[in-house]
Amino acid sequence: MRDRSFIVAGLVLFLGLVTFPVWYNVAARTDPGAPALARPSAAGVRLLRRGESARLLASEPSCVAPREYMRASHMRLLTEWREDVVRRANRSYVAYDGHRYEKSFTGTCLTCHGDKAQFCDRCHTYAGVSPTCMDCHVTAVVTP
Amino acid sequence: MSIDRRHFLGLAGLSALAFAARPSLDGLEGPASDERAPAGTRWAMIVDPKKCLALDGCTRCIAACHTAHNVPLIGERRHEVKWIWKERFERAFPSDENAYTEEALKGKLLPVLCNHCENPPCVRVCPAKATWKREDGIVMTDWHRCIGCRYCMGACPYGSRSFNWDDPRGHMGATPASDYPTRTKGVVEKCTFCEERLAKRQRPLCVEACPEAALVFGDLNDPKSQVRDLLRTRHSIRRRPELGTQPAVYYVI
(Lines give C-alpha, C1' and ligand atoms only; values in the text may rest on other atoms or scores of the structure.)
Protein backbone atom coordinates (compact mmCIF):
# COMPACT_ATOMS: atom_id res chain seq x y z
CA MET A 1 0.00 0.00 0.00
CA ARG A 2 2.93 2.31 -0.55
CA ASP A 3 1.15 3.87 -3.61
CA ARG A 4 -1.91 4.94 -1.68
CA SER A 5 -1.12 8.66 -1.94
CA PHE A 6 -0.62 8.41 -5.71
CA ILE A 7 -3.87 6.51 -6.20
CA VAL A 8 -5.94 8.90 -4.11
CA ALA A 9 -4.41 11.92 -5.81
CA GLY A 10 -5.10 10.37 -9.21
CA LEU A 11 -8.71 9.67 -8.30
CA VAL A 12 -9.25 13.21 -7.07
CA LEU A 13 -7.72 14.59 -10.24
CA PHE A 14 -9.89 12.30 -12.37
CA LEU A 15 -13.10 13.30 -10.55
CA GLY A 16 -12.17 16.94 -10.83
CA LEU A 17 -11.65 16.66 -14.58
CA VAL A 18 -14.84 14.67 -15.17
CA THR A 19 -16.98 17.16 -13.27
CA PHE A 20 -15.19 20.14 -14.79
CA PRO A 21 -18.14 21.28 -16.94
CA VAL A 22 -20.30 21.51 -13.82
CA TRP A 23 -17.72 23.53 -11.88
CA TYR A 24 -17.06 25.73 -14.87
CA ASN A 25 -20.73 26.56 -15.39
CA VAL A 26 -21.18 27.33 -11.69
CA ALA A 27 -18.12 29.54 -11.66
CA ALA A 28 -18.93 31.34 -14.91
CA ARG A 29 -22.63 31.68 -13.96
CA THR A 30 -23.77 30.37 -17.34
CA ASP A 31 -27.52 30.71 -17.83
CA PRO A 32 -28.92 27.34 -18.79
CA GLY A 33 -32.42 28.84 -19.34
CA ALA A 34 -34.48 28.13 -22.43
CA PRO A 35 -33.75 30.25 -25.50
CA ALA A 36 -35.91 33.28 -26.17
CA LEU A 37 -38.18 32.56 -29.08
CA ALA A 38 -39.74 35.00 -31.50
CA ARG A 39 -43.37 35.80 -30.73
CA PRO A 40 -45.85 34.60 -33.33
CA SER A 41 -46.35 37.43 -35.76
CA ALA A 42 -50.06 37.26 -36.52
CA ALA A 43 -53.15 35.23 -35.82
CA GLY A 44 -55.37 34.81 -38.80
CA VAL A 45 -54.91 31.35 -40.20
CA ARG A 46 -57.73 29.47 -38.68
CA LEU A 47 -60.74 29.11 -40.95
CA LEU A 48 -63.55 31.55 -40.35
CA ARG A 49 -66.71 30.19 -38.78
CA ARG A 50 -70.07 31.30 -40.04
CA GLY A 51 -70.96 34.79 -38.85
CA GLU A 52 -67.42 35.59 -37.76
CA SER A 53 -65.60 38.63 -38.99
CA ALA A 54 -61.99 38.60 -40.06
CA ARG A 55 -61.30 41.50 -37.68
CA LEU A 56 -62.31 39.44 -34.66
CA LEU A 57 -60.01 36.71 -35.90
CA ALA A 58 -56.99 38.99 -36.20
CA SER A 59 -57.34 40.34 -32.69
CA GLU A 60 -57.40 36.94 -31.08
CA PRO A 61 -54.12 35.05 -30.98
CA SER A 62 -54.51 31.31 -30.76
CA CYS A 63 -52.61 28.20 -31.69
CA VAL A 64 -53.76 24.74 -32.73
CA ALA A 65 -53.04 23.39 -29.23
CA PRO A 66 -52.15 24.79 -25.79
CA ARG A 67 -48.67 26.22 -25.46
CA GLU A 68 -47.42 23.51 -23.10
CA TYR A 69 -48.52 20.78 -25.47
CA MET A 70 -46.98 22.50 -28.47
CA ARG A 71 -43.71 23.01 -26.64
CA ALA A 72 -43.35 19.37 -25.74
CA SER A 73 -45.17 17.54 -28.52
CA HIS A 74 -45.41 19.72 -31.65
CA MET A 75 -43.42 17.08 -33.55
CA ARG A 76 -46.02 14.45 -32.70
CA LEU A 77 -48.80 16.73 -33.90
CA LEU A 78 -46.92 17.47 -37.11
CA THR A 79 -46.37 13.77 -37.76
CA GLU A 80 -50.07 13.10 -37.24
CA TRP A 81 -50.95 15.92 -39.62
CA ARG A 82 -48.50 14.56 -42.15
CA GLU A 83 -50.00 11.07 -42.06
CA ASP A 84 -53.54 12.47 -42.22
CA VAL A 85 -52.88 14.73 -45.19
CA VAL A 86 -50.64 12.49 -47.27
CA ARG A 87 -52.05 9.06 -46.58
CA ARG A 88 -55.66 9.74 -45.55
CA ALA A 89 -56.38 12.93 -47.54
CA ASN A 90 -57.82 14.47 -44.39
CA ARG A 91 -56.86 18.14 -44.25
CA SER A 92 -59.15 19.66 -41.66
CA TYR A 93 -58.13 19.94 -38.01
CA VAL A 94 -60.45 20.87 -35.18
CA ALA A 95 -58.39 22.39 -32.39
CA TYR A 96 -58.95 21.99 -28.67
CA ASP A 97 -60.88 25.27 -28.57
CA GLY A 98 -63.17 24.27 -31.42
CA HIS A 99 -61.46 26.34 -34.09
CA ARG A 100 -60.80 24.74 -37.44
CA TYR A 101 -57.44 24.81 -39.14
CA GLU A 102 -55.97 23.41 -42.33
CA LYS A 103 -53.44 20.69 -41.53
CA SER A 104 -50.54 22.41 -43.20
CA PHE A 105 -47.07 23.21 -41.94
CA THR A 106 -46.39 25.98 -44.44
CA GLY A 107 -49.99 27.11 -44.75
CA THR A 108 -50.94 27.17 -41.07
CA CYS A 109 -47.93 27.00 -38.72
CA LEU A 110 -45.62 29.27 -40.67
CA THR A 111 -48.27 31.94 -41.12
CA CYS A 112 -47.72 32.94 -37.49
CA HIS A 113 -44.35 31.38 -36.79
CA GLY A 114 -42.77 32.63 -39.99
CA ASP A 115 -39.36 33.41 -38.55
CA LYS A 116 -37.58 30.09 -38.82
CA ALA A 117 -34.23 31.37 -37.54
CA GLN A 118 -35.75 33.07 -34.48
CA PHE A 119 -38.37 30.46 -33.70
CA CYS A 120 -37.70 26.92 -34.93
CA ASP A 121 -33.93 26.99 -35.15
CA ARG A 122 -33.26 28.58 -31.76
CA CYS A 123 -34.95 25.83 -29.84
CA HIS A 124 -33.78 23.04 -32.14
CA THR A 125 -30.19 24.18 -31.74
CA TYR A 126 -30.62 24.44 -28.00
CA ALA A 127 -32.09 20.94 -27.81
CA GLY A 128 -29.46 19.58 -30.19
CA VAL A 129 -31.97 18.17 -32.68
CA SER A 130 -31.91 18.53 -36.44
CA PRO A 131 -35.34 17.75 -37.92
CA THR A 132 -35.41 17.17 -41.66
CA CYS A 133 -38.80 18.84 -42.26
CA MET A 134 -37.34 21.96 -43.80
CA ASP A 135 -35.15 20.04 -46.22
CA CYS A 136 -38.28 19.85 -48.37
CA HIS A 137 -40.89 22.15 -46.87
CA VAL A 138 -40.18 25.64 -48.01
CA THR A 139 -39.85 28.22 -45.26
CA ALA A 140 -38.35 31.11 -47.20
CA VAL A 141 -41.45 32.89 -48.42
CA VAL A 142 -44.88 32.40 -46.96
CA THR A 143 -47.99 33.17 -48.93
CA PRO A 144 -51.03 32.98 -46.65
CA MET B 1 -72.90 -35.90 -11.10
CA SER B 2 -69.60 -37.54 -11.81
CA ILE B 3 -67.77 -38.09 -15.07
CA ASP B 4 -65.53 -41.07 -15.79
CA ARG B 5 -62.26 -40.96 -17.69
CA ARG B 6 -63.59 -42.57 -20.86
CA HIS B 7 -66.42 -40.04 -21.08
CA PHE B 8 -64.09 -37.09 -20.43
CA LEU B 9 -61.62 -38.16 -23.12
CA GLY B 10 -64.42 -38.61 -25.59
CA LEU B 11 -65.78 -35.13 -24.93
CA ALA B 12 -62.30 -33.60 -25.18
CA GLY B 13 -61.67 -35.30 -28.51
CA LEU B 14 -65.00 -34.11 -29.92
CA SER B 15 -64.31 -30.53 -28.78
CA ALA B 16 -60.87 -30.54 -30.41
CA LEU B 17 -62.39 -31.87 -33.65
CA ALA B 18 -65.11 -29.21 -33.65
CA PHE B 19 -62.52 -26.46 -32.97
CA ALA B 20 -60.33 -27.67 -35.84
CA ALA B 21 -63.25 -27.97 -38.24
CA ARG B 22 -64.55 -24.46 -37.53
CA PRO B 23 -62.47 -22.59 -40.17
CA SER B 24 -63.59 -24.96 -42.92
CA LEU B 25 -67.19 -23.90 -42.28
CA ASP B 26 -66.40 -20.27 -43.09
CA GLY B 27 -66.16 -21.09 -46.77
CA LEU B 28 -69.74 -22.35 -46.83
CA GLU B 29 -71.11 -18.85 -46.31
CA GLY B 30 -69.95 -17.85 -49.80
CA PRO B 31 -66.88 -15.90 -50.91
CA ALA B 32 -65.97 -12.82 -48.92
CA SER B 33 -67.24 -9.75 -50.73
CA ASP B 34 -64.04 -7.86 -51.52
CA GLU B 35 -65.36 -6.02 -54.53
CA ARG B 36 -66.95 -2.81 -53.42
CA ALA B 37 -69.39 -1.00 -55.64
CA PRO B 38 -67.80 1.85 -57.56
CA ALA B 39 -68.72 4.56 -55.10
CA GLY B 40 -67.22 8.01 -54.94
CA THR B 41 -64.98 9.44 -57.58
CA ARG B 42 -62.49 7.92 -60.00
CA TRP B 43 -60.34 10.66 -61.48
CA ALA B 44 -59.28 10.41 -65.10
CA MET B 45 -57.82 12.62 -67.79
CA ILE B 46 -58.51 12.83 -71.49
CA VAL B 47 -55.92 14.17 -73.91
CA ASP B 48 -57.11 15.44 -77.25
CA PRO B 49 -53.99 15.26 -79.43
CA LYS B 50 -55.59 17.19 -82.29
CA LYS B 51 -56.25 20.18 -80.02
CA CYS B 52 -52.86 19.81 -78.35
CA LEU B 53 -51.03 19.86 -81.68
CA ALA B 54 -52.90 22.99 -82.78
CA LEU B 55 -50.39 25.17 -80.96
CA ASP B 56 -46.99 24.16 -82.25
CA GLY B 57 -44.32 23.78 -79.59
CA CYS B 58 -46.57 24.83 -76.72
CA THR B 59 -45.31 23.64 -73.33
CA ARG B 60 -47.55 25.63 -71.03
CA CYS B 61 -48.92 22.57 -69.23
CA ILE B 62 -45.39 21.45 -68.42
CA ALA B 63 -44.33 24.90 -67.25
CA ALA B 64 -47.39 25.36 -65.04
CA CYS B 65 -46.96 21.95 -63.41
CA HIS B 66 -43.21 22.01 -62.95
CA THR B 67 -43.10 25.55 -61.56
CA ALA B 68 -45.86 25.06 -59.02
CA HIS B 69 -44.62 21.65 -57.90
CA ASN B 70 -40.98 22.66 -57.60
CA VAL B 71 -39.84 20.08 -60.15
CA PRO B 72 -36.11 20.61 -60.68
CA LEU B 73 -34.89 21.52 -64.15
CA ILE B 74 -31.90 19.29 -64.83
CA GLY B 75 -30.15 19.49 -68.17
CA GLU B 76 -28.55 16.09 -68.05
CA ARG B 77 -31.05 13.61 -69.48
CA ARG B 78 -30.03 10.71 -67.26
CA HIS B 79 -30.91 12.73 -64.17
CA GLU B 80 -33.91 14.69 -65.35
CA VAL B 81 -37.08 14.84 -63.26
CA LYS B 82 -40.42 15.11 -65.00
CA TRP B 83 -44.08 14.98 -64.04
CA ILE B 84 -45.60 15.80 -67.43
CA TRP B 85 -43.60 15.90 -70.62
CA LYS B 86 -43.85 15.45 -74.38
CA GLU B 87 -43.14 12.13 -76.02
CA ARG B 88 -43.10 11.13 -79.66
CA PHE B 89 -46.21 9.12 -80.54
CA GLU B 90 -44.32 5.94 -81.47
CA ARG B 91 -42.50 5.96 -78.16
CA ALA B 92 -45.62 6.67 -76.12
CA PHE B 93 -47.67 4.05 -78.00
CA PRO B 94 -45.14 1.42 -79.05
CA SER B 95 -47.67 -1.39 -79.42
CA ASP B 96 -49.12 0.20 -82.58
CA GLU B 97 -52.53 -1.37 -82.02
CA ASN B 98 -54.48 0.60 -84.58
CA ALA B 99 -51.87 1.33 -87.24
CA TYR B 100 -54.03 3.16 -89.76
CA THR B 101 -56.40 4.96 -87.39
CA GLU B 102 -53.47 6.59 -85.67
CA GLU B 103 -51.60 7.40 -88.88
CA ALA B 104 -52.03 11.14 -88.47
CA LEU B 105 -50.26 11.09 -85.11
CA LYS B 106 -47.08 9.36 -86.28
CA GLY B 107 -44.02 11.40 -85.38
CA LYS B 108 -46.03 13.93 -83.40
CA LEU B 109 -45.22 15.01 -79.83
CA LEU B 110 -47.93 14.24 -77.29
CA PRO B 111 -48.16 15.15 -73.60
CA VAL B 112 -47.63 12.14 -71.33
CA LEU B 113 -47.81 11.85 -67.56
CA CYS B 114 -48.49 9.30 -64.86
CA ASN B 115 -51.43 7.19 -65.98
CA HIS B 116 -52.76 6.62 -62.46
CA CYS B 117 -53.44 3.01 -63.44
CA GLU B 118 -56.26 0.91 -62.14
CA ASN B 119 -53.67 -1.84 -61.58
CA PRO B 120 -50.52 0.13 -60.83
CA PRO B 121 -47.39 -2.04 -61.10
CA CYS B 122 -45.40 0.54 -59.13
CA VAL B 123 -47.63 0.00 -56.10
CA ARG B 124 -47.17 -3.76 -56.26
CA VAL B 125 -43.41 -3.59 -56.04
CA CYS B 126 -42.89 -0.81 -53.48
CA PRO B 127 -41.33 -2.49 -50.43
CA ALA B 128 -41.94 0.51 -48.17
CA LYS B 129 -45.62 1.05 -48.99
CA ALA B 130 -44.56 4.55 -49.93
CA THR B 131 -46.71 4.47 -53.03
CA TRP B 132 -50.31 3.33 -53.08
CA LYS B 133 -53.59 3.79 -54.92
CA ARG B 134 -56.13 6.03 -53.25
CA GLU B 135 -59.83 5.29 -53.35
CA ASP B 136 -60.32 7.96 -55.99
CA GLY B 137 -57.77 6.21 -58.21
CA ILE B 138 -54.85 8.59 -57.70
CA VAL B 139 -51.55 6.77 -57.35
CA MET B 140 -49.89 8.68 -54.55
CA THR B 141 -46.31 8.73 -53.32
CA ASP B 142 -45.42 9.44 -49.72
CA TRP B 143 -42.07 11.15 -50.10
CA HIS B 144 -41.55 10.90 -46.35
CA ARG B 145 -41.60 7.15 -46.60
CA CYS B 146 -39.82 6.60 -49.93
CA ILE B 147 -36.50 4.85 -49.42
CA GLY B 148 -35.29 5.49 -52.96
CA CYS B 149 -34.94 1.86 -54.04
CA ARG B 150 -36.38 2.71 -57.50
CA TYR B 151 -38.27 -0.59 -57.83
CA CYS B 152 -41.31 1.45 -58.84
CA MET B 153 -39.34 3.05 -61.65
CA GLY B 154 -38.41 -0.36 -62.93
CA ALA B 155 -42.01 -1.53 -62.68
CA CYS B 156 -43.65 1.46 -64.35
CA PRO B 157 -43.99 0.68 -68.08
CA TYR B 158 -44.48 4.37 -68.90
CA GLY B 159 -41.36 5.92 -67.39
CA SER B 160 -43.58 8.19 -65.34
CA ARG B 161 -41.35 8.17 -62.29
CA SER B 162 -38.18 10.15 -61.76
CA PHE B 163 -35.45 9.74 -59.20
CA ASN B 164 -33.68 12.63 -57.52
CA TRP B 165 -30.06 11.82 -58.09
CA ASP B 166 -29.07 15.20 -56.75
CA ASP B 167 -30.50 17.69 -54.26
CA PRO B 168 -33.31 19.25 -56.31
CA ARG B 169 -33.00 22.56 -54.48
CA GLY B 170 -29.89 23.28 -56.48
CA HIS B 171 -31.79 22.96 -59.75
CA MET B 172 -34.60 25.44 -59.32
CA GLY B 173 -34.97 29.15 -58.86
CA ALA B 174 -33.62 30.83 -55.74
CA THR B 175 -37.07 30.87 -54.19
CA PRO B 176 -39.06 27.70 -54.82
CA ALA B 177 -42.84 27.88 -54.79
CA SER B 178 -43.61 28.27 -51.10
CA ASP B 179 -46.89 26.40 -50.89
CA TYR B 180 -45.54 23.11 -52.20
CA PRO B 181 -42.60 21.13 -50.81
CA THR B 182 -39.53 20.32 -52.80
CA ARG B 183 -38.12 16.81 -52.60
CA THR B 184 -34.76 15.62 -51.37
CA LYS B 185 -32.00 13.63 -52.93
CA GLY B 186 -32.85 9.91 -53.04
CA VAL B 187 -36.61 10.21 -53.46
CA VAL B 188 -38.78 9.12 -56.39
CA GLU B 189 -41.44 11.54 -57.59
CA LYS B 190 -44.16 11.79 -60.22
CA CYS B 191 -47.43 13.46 -61.14
CA THR B 192 -50.10 13.39 -58.40
CA PHE B 193 -53.05 14.56 -60.55
CA CYS B 194 -52.73 17.73 -58.44
CA GLU B 195 -54.38 16.06 -55.46
CA GLU B 196 -53.61 19.15 -53.36
CA ARG B 197 -55.74 21.19 -55.77
CA LEU B 198 -58.48 18.58 -56.06
CA ALA B 199 -58.85 18.83 -52.28
CA LYS B 200 -59.77 22.50 -52.86
CA ARG B 201 -62.12 21.58 -55.71
CA GLN B 202 -59.73 22.98 -58.30
CA ARG B 203 -58.73 21.25 -61.52
CA PRO B 204 -55.16 20.07 -62.14
CA LEU B 205 -52.74 22.80 -63.19
CA CYS B 206 -51.94 21.33 -66.62
CA VAL B 207 -55.65 21.24 -67.45
CA GLU B 208 -56.07 24.87 -66.44
CA ALA B 209 -52.93 25.98 -68.24
CA CYS B 210 -53.83 24.48 -71.63
CA PRO B 211 -54.93 27.30 -73.96
CA GLU B 212 -56.60 24.83 -76.34
CA ALA B 213 -58.49 22.88 -73.66
CA ALA B 214 -56.80 19.75 -74.99
CA LEU B 215 -56.75 18.24 -71.52
CA VAL B 216 -60.03 17.31 -69.87
CA PHE B 217 -60.22 16.13 -66.29
CA GLY B 218 -63.13 14.52 -64.52
CA ASP B 219 -64.81 11.70 -62.68
CA LEU B 220 -65.15 8.38 -64.50
CA ASN B 221 -67.81 7.21 -62.06
CA ASP B 222 -70.08 10.09 -62.99
CA PRO B 223 -71.96 9.11 -66.16
CA LYS B 224 -72.75 12.76 -66.89
CA SER B 225 -69.15 13.98 -66.62
CA GLN B 226 -67.30 15.47 -69.57
CA VAL B 227 -64.76 12.64 -69.55
CA ARG B 228 -67.46 10.01 -69.83
CA ASP B 229 -69.14 12.02 -72.56
CA LEU B 230 -65.90 12.19 -74.53
CA LEU B 231 -65.20 8.49 -74.06
CA ARG B 232 -68.72 7.68 -75.22
CA THR B 233 -68.61 9.78 -78.37
CA ARG B 234 -64.95 9.56 -79.47
CA HIS B 235 -62.58 6.70 -80.16
CA SER B 236 -59.96 6.60 -77.44
CA ILE B 237 -56.67 4.80 -76.96
CA ARG B 238 -54.54 4.20 -73.90
CA ARG B 239 -50.83 3.56 -73.54
CA ARG B 240 -49.69 -0.08 -73.55
CA PRO B 241 -53.18 -1.61 -73.15
CA GLU B 242 -51.72 -5.11 -73.55
CA LEU B 243 -50.14 -4.84 -70.09
CA GLY B 244 -53.48 -4.71 -68.31
CA THR B 245 -52.57 -1.72 -66.17
CA GLN B 246 -55.79 0.09 -67.14
CA PRO B 247 -54.51 3.67 -67.39
CA ALA B 248 -56.76 6.53 -66.37
CA VAL B 249 -55.27 8.81 -69.01
CA TYR B 250 -57.06 8.44 -72.35
CA TYR B 251 -56.13 9.86 -75.74
CA VAL B 252 -59.08 10.58 -78.03
CA ILE B 253 -58.31 10.34 -81.72
Report summary line: Across (1) closer than 21 Å to B:Glu80 by Cα; (2) among the aliphatic types (A, V, I, L, M); (3) modelled with pLDDT of 95 or more, B:Ala177 clears everything bar (3)
**Report entry** Long-range neighbours under 7 Å by Cβ, at least six apart or interchain, first residue in contact (Cβ under 8 Å) with a residue 24 or more places away in the chain and more than 10 Å from chain A (Cβ to nearest Cβ) within the range B:164-188, second surrounded by fewer than 19 Cβ atoms within 10 Å (Cβ to Cβ) and polar (S, T, N, Q)
**Finding:** B:Asn164/B:Thr184
Query raised in the report: Failed condition for A:Pro131, given (1) free of Cβ contacts under 8 Å to residues at least 12 places away in the same chain; (2) within 14 Å of another protein chain (Cβ to nearest Cβ); (3) surrounded by fewer than 12 Cβ atoms within 10 Å (Cβ to Cβ), with all others met?
Result: (1)
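Which residue, of A:Thr79, A:Thr143, is at pLDDT 90 or above and among the hydroxyl-bearing types (Ser, Thr, Tyr)? Lay out the reasoning, then the answer.
On the way: A:Thr143 fails: at pLDDT 90 or above.
Answer to the selection: A:Thr79.
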Query raised in the report: Looking at (1) at pLDDT below 85; (2) assigned to a loop (DSSP other than H, G, I, E, B); (3) β-branched (Val, Ile, Thr), can you tell me which one A:Val138 breaks?
Result: (1)
Query raised in the report: Do you know which residues across the range A:1-60 are basic (Lys, Arg), modelled with pLDDT of 75 or more, more than 24 Å from A:Thr125 (Cα to Cα) and not in a helix (DSSP H, G or I)?
Result: A:Arg2
Requested in this report: Among the residues of the range A:90-128, count how many are at the interface with chain B (Cβ under 9 Å from one of its Cβ atoms), farther than 15 Å from A:Met75 by Cβ and in a helix (DSSP H, G or I).
Outcome: 3
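Please enumerate the residues belonging to the range A:87-112 that are surrounded by fewer than 14 Cβ atoms within 10 Å (Cβ to Cβ) and aromatic (Phe, Trp, Tyr).
Our first condition is that a residue be surrounded by fewer than 14 Cβ atoms within 10 Å (Cβ to Cβ); within the range A:87-112, this holds for A:88, A:90, A:92, A:94, A:96-98, A:100.
Once the filter is applied, which keeps residues that are surrounded by fewer than 14 Cβ atoms within 10 Å (Cβ to Cβ) and aromatic (Phe, Trp, Tyr), the range A:87-112 yields only A:Tyr96.
The values are calculated or read from the model by the stated rules, or taken from the named source; none is laboratory data. Everything quoted here is computed from the prediction, not taken from an experiment. Cβ sites come from the backbone with ideal geometry, for glycine too, and all protein chains shown count toward neighbours.
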